[in-house]
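Input: a single structure, listed below in structure tokens.
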């Protein structure tokens, strides 16, 4: 009788373990700060697609700086002009993360698939890029203080 009970327990365990291993991990509940900054970053992306200079005027901090995918550092007003005039055809973000520095500052990072119109004398930009944005709260508004694009070299990994 004990052997039959042991066999039953092993069979039950064998049927439960694969189901647990295949079950997707529960989605992490985002904090209000994470929700706000992810939505704000997505608004930035949409503004880039539309070349919405009004969005950039109200969203970029006075000392905003931008590091382009080629490593070039741009300061105002050239940095704002570059974001607004990006000729972006596609920027599809994924794996977005928010790292809160305090209640009034955070870093948003993500990977993205990018398509832009090629610039004169240059080929298209790297299709896969990593992005980092530093957001600071000024009054009741989140302002973009820093933004960086980095080419993802998947073959090197």
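The values are calculated or read from the model by the stated rules, or taken from the named source; none is laboratory data. Because the structure is predicted, anything quoted here is derived from the model rather than measured. Note: ideal-geometry Cβ built from the backbone for every residue, glycine included; neighbour counts use all protein chains shown.
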>> Can you pull out every residue in segment 19-36 that is under 15 Å from the mean Cα position of the chain (by Cα) and either over 15 Å from residue 106 (Cβ atoms) or modelled with pLDDT of 95 or more (or both)?
In response: 33, 34, 35, 36
>> Please determine whether any residue of segment 115-123 is in contact with a strand residue (DSSP E or B) (Cβ under 7 Å, 6 or more places away or on another chain), part of a strand (DSSP E or B) and either at pLDDT below 95 or over 14 Å from residue 68 (Cα atoms) (or both).
In response: yes
> Is segment 37-59 home to any residue that is at pLDDT 90 or above, outside any helix (DSSP H, G or I) and surrounded by 10 or more Cβ atoms within 10 Å (Cβ to Cβ)?
Replying inline: no
> Of the residues that make up segment 145-157, is at least one at pLDDT 90 or above, within 15 Å of residue 88 (Cα to Cα) and within 13 Å of the chain's Cα centre (by Cα)?
Replying inline: yes
> If you take the residues in segment 125-142 that are in contact with a strand residue (DSSP E or B) (Cβ under 7 Å, 6 or more places away or on another chain) and not in a strand (DSSP E or B), which one is surrounded by the fewest Cβ atoms within 10 Å (Cβ to Cβ)?
Replying inline: 127
> Does residue 89 meet the test of being more than 30 Å from residue 29 (Cβ to Cβ) and in a helix (DSSP H, G or I)?
Replying inline: no
> Can you tell me which residue in segment 124-144 is modelled with the lowest pLDDT, limited to those that are within 18 Å of residue 69 (Cα to Cα) and touching a helix residue (DSSP H, G or I) at 6+ places or on another chain (Cβ under 8 Å)?
Replying inline: 128
> Right, residue 62: more than 20 Å from the chain's Cα centre (by Cα), within 12 Å of residue 146 (Cα to Cα) and either at pLDDT 95 or above or not in a loop (DSSP other than H, G, I, E, B) (or both) or not?
Replying inline: yes
> Among the candidates 46, 68, 78, which residue alone is free of Cβ contacts under 8 Å to residues at least 12 places away in the same chain and within 16 Å of the chain's Cα centre (by Cα)?
Replying inline: 46
